[in-house]
Amino acid sequence: MNRTFIFGHWILTLLCSPIILTLKSYVPNSTTKNVLGFIEIYPLMVIIGLVFSIPTYLFFILFFELIKYKNIKPIYIKSFFIFTVVIGIWVTTNILSGTLWSDIAISYSLVAITLGLFLKSNYNFPCHS
């Protein structure tokens with residue numbers, strides 16, 4: 001796993017999750033007003049998501065730096081990464097609470113899991129000399 005994977009996952013999760021949340025919320029009540037409202041708040045949703053996701057991704061980057069010279073199978077590291085992100089999403093949204101916290105957590109988790117499974121991590125063990 002490399003930092004390109006981590007940051008790519010982070011950015012794509014931040015960009016795609018609000019769209020999934022909106023589709024889940026607005027498709028049953030699709031009106032022009034709802035679509036325009038989403039377009040107006042989308043940048044704000046991405047920025048807020050960025051701010052609140054920083055602790056989770058910093059934790060994983062620190063964790064990865066500590067274990068990168070260990071001989072751990074890449075599948076375990078990737079699984080731990082996905083698990084860490086999903087737990088971070090649920091903890092953060094639960095702390096923030098509000099009426100949509102579970103919808104937000106579900107949308108972001110689905111995107112994070114899907115991206116985590118499909119993006120290539122390109123993890124190579126460093127050479128031990």
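Looking at Y42, Y69, Y76, can you tell me which residue is open to solvent by 50 Å² or more (accessible area, probe 1.4 Å), touching a Pro at 6+ places or on another chain (Cβ under 8 Å) and part of a helix (DSSP H, G or I)? None of the other options fit; the residue is Y42.
For the subset of region 37-70 comprising residues that are β-branched (V, I, T) and modelled with pLDDT under 85, which member is farthest from G88 (Cα to Cα)? Working first, answer last.
Let us first name the residues in region 37-70 that are β-branched (V, I, T), namely 39, 41, 46-48, 51, 54, 56, 61, 67.
After this cut, where a residue has to be modelled with pLDDT under 85 as well, the list is 39, 41, 61, 67.
On the way: I39: 26, I41: 23, I61: 14, I67: 20 Å.
Within region 37-70, the match that is farthest from G88 (Cα to Cα) is I39.
Total residues in region 79-107 satisfying the condition of being in a loop (DSSP other than H, G, I, E, B) and open to solvent by 70 Å² or more (accessible area, probe 1.4 Å): the figure is 2. Scanning region 76-96 for residues that are over 19 Å from V111 (Cα atoms), among the hydrophobic types (A, V, I, L, M, F, W, C) and free of Cβ contacts under 8 Å to residues at least 24 places away in the same chain gives a single hit, I95.
Residues of region 45-63 that are over 14 Å from the mean Cα position of the chain (by Cα) and open to solvent by 80 Å² or more (accessible area, probe 1.4 Å): L62 alone.
Among the listed residues N34, N29, N2, which satisfies the condition of being farther than 27 Å from T56 by Cα, open to solvent by less than 70 Å² (accessible area, probe 1.4 Å), at pLDDT below 85 and of a type in the set (S, T, N, Q)?
Just one listed residue meets the conditions, N34.
The values are calculated or read from the model by the stated rules, or taken from the named source; none is laboratory data. Remember, it's a predicted structure, so these values are computed and weren't measured experimentally. All Cβ positions, glycine included, derive from the backbone under ideal geometry; neighbour counts span all protein chains shown. In case anyone asks, the SASA skips ligands and DNA or RNA and just uses the protein heavy atoms, side chains included. Shrake-Rupley method; radii C 1.70, N 1.55, O 1.52, S 1.80 Å.
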